[in-house]
Amino acid sequence: MEVMYGIEYSKPEVVLLQETGIGVAEAAARTCYDSFENSENSVIKDIENVMPNQEMCHELNAIEDSALLDDLAWTYFHHSILEHANLSFLVRGTSRGVLQEHARHRIQAISVRSTRYTMSSVINAFVASLHGGDKEFFIQKVLAFDMFVTTNKEYNTIEIGAIYDKLFYQSKVVEDFYSIAVAKSSLELLEKFPNNAPALFEALQEGKKKRNVGDAFKHIISDNVKVDMVVTFNLRSLKNYFTLRDSGAAFFQIRWLAQEMMRVTPQKYLDLIVKKK
């Protein structure tokens with residue numbers, strides 16, 4: 001946990017899912033300069049005379065050091081060569097607010113937990129609260145979802161109360177609210193459990209999920225909501241990301257994320273993109 005501006009936050013978790021190695025980047029650089037024979041890596045030297053077979057490719061991808069890449073990265077600043085190396089990270093528990101920051105990094109592949117498809121539990125809790133429950137029932141259910149990066153129970157109760165108020169307003173002004181809130185096959189459950197909020201909630205949870213339920217309800221959540229994502233950077237873009245985001249000037253939540261990503265990034269990559277202090 002970390003306290004910022006009087007509020008407690010959880011930090012994201014990161015795992016490195018995939019790395020392509022630095023060998024291809026050296027092979028690319030050697031191709032530019034036709035200097036395969038100068039490599040300290042024997043497999044790179046061999047590439048000059050033969051097309052690599054599967055075993056050679058495996059050896060290429062296992063290369064741990066490259067003097068040429070180090071020179072290009074730190075002496076000649078020929079960073080385009082670094083685009084041949086890619087790393088993929090699984091991120092859990094960052095915030096929707098961080099996604100706005102990520103959008104400014106143009107060269108990345110990013111797949112994010114969708115609010116269009118994953119808000120059913122919140123909506124189910126609200127629907128149940130209208131059938132034998134109340135606002136407090138909704139708050140306690142949603143608190144258990146652990147859906148915010150903030151961890152103060154008192155603060156999160158305020159957040160969830162605001163979600164309830166917005167949903168309650170919408171339920172009064174939208175004709176046939178239930179048709180946009182639950183799947184058609186689950187509508188009969190409203191009559192089956194007319195005054196039993198806990199039972200209705202469990203039945204809705206076990207039933208078919210409303211497709212694209214978030215389309216009607218994305219407005220209810222804030223940037224405080226947790227998201228998970230898989231993000232892939234080439235090494236040149238990752239250098240830019242770490243330079244900008246592991247900085248005191250960066251938004252503190254994306255700084256935490258960058259620091260976790262850096263922590264799980266193997267040293268052979270960091271040596272090429274993070275200036276030694």
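FYI, it's all coordinate maths here, none of it is from the lab. All figures in this text were calculated on a predicted structure; none of them were measured in a lab. Counting neighbours? That spans all protein chains shown, and the Cβs are built from the backbone with ideal geometry, glycine included.
Of the GluC sites (Glu not before Pro) in region 139-188, which ones lie in a loop per DSSP and count no more than 15 other C-beta atoms within 10 Å?
Those satisfying the criteria are E175.
Within the chain, which is the longest segment that contains none of the chymotrypsin sites (Phe, Trp or Tyr not before Pro) sitting in a DSSP loop with at most 15 other Cβ atoms within 10 Å?
Details: sites that count: Y5, Y76, F77, Y117, F145, F251.
It runs 146-250.
Tell me the relative contact order for region 1-155 as a rounded percent, counting alpha carbon contacts under 8 Å between residues six or more apart.
Taking the mean separation of contacting Cα pairs over the length of region 1-155, I get 33 percent.
Counting only C-alpha contacts under 8 Å and six or more residues apart, can you give the relative contact order of region 120-220 as a whole percent? Mind showing how you got there, number by number?
Values: 100 pairs, mean separation 40.9, N = 101.
The normalised contact order for region 120-220 reaches 40 percent.
Could you compute the net charge surrounding V127? Neighbours are other residues with a C-beta less than 15 Å from the C-beta of V127; K and R count +1, D and E count -1.
Details: positive: K135, K141, K166, K172, K184, K192, K208, K209, K210; negative: D134, D176, E188, E191, E202, E206.
That works out to +3.
Just how far, in whole angstrom, is region 206-277 from region 82-116 if you go by their alpha carbon centroids?
5
Once the other residues with Cβ under 13 Å from the Cβ of H78 are scored (Lys, Arg +1; Asp, Glu -1), what is the net sum? Working shown, then result.
Numbers: positive: R30, R236, K239; negative: E26, D70, D71, E83.
With Lys, Arg at +1 and Asp, Glu at -1, the neighbours total -1.
Find the eigenvalues of the gyration tensor of the Cα atoms of the chain, then list the square roots of 5 times those eigenvalues as equivalent ellipsoid semi-axes, largest first, in whole angstrom. Please report the intermediate quantities before stating the final value.
On the way: eigenvalues 512, 86, 36 Å².
Three semi-axes, in Å: 51, 21, 13.
Given the rule -39500 (n - 2.57) for each run of at least 4 DSSP H residues, summed and divided by the residues of the chain, what is its mean residue ellipticity at 222 nm, to the nearest 500 deg cm²/dmol? Please report the intermediate quantities before stating the final value.
On the way: 15 runs with 135 residues, N = 277.
Computed ellipticity for the chain at 222 nm equals -14000 deg cm²/dmol.
Determine the dipole magnitude for the chain: charges of +1 sit on the beta-carbon of Lys and Arg, -1 on that of Asp and Glu, nothing else is charged, the reference point is the Cα centre, and the result goes in debye to the nearest 20.
On the way: 31 positive and 36 negative charges, 225 e Å.
Value, rounded to 20: 1080 debye.
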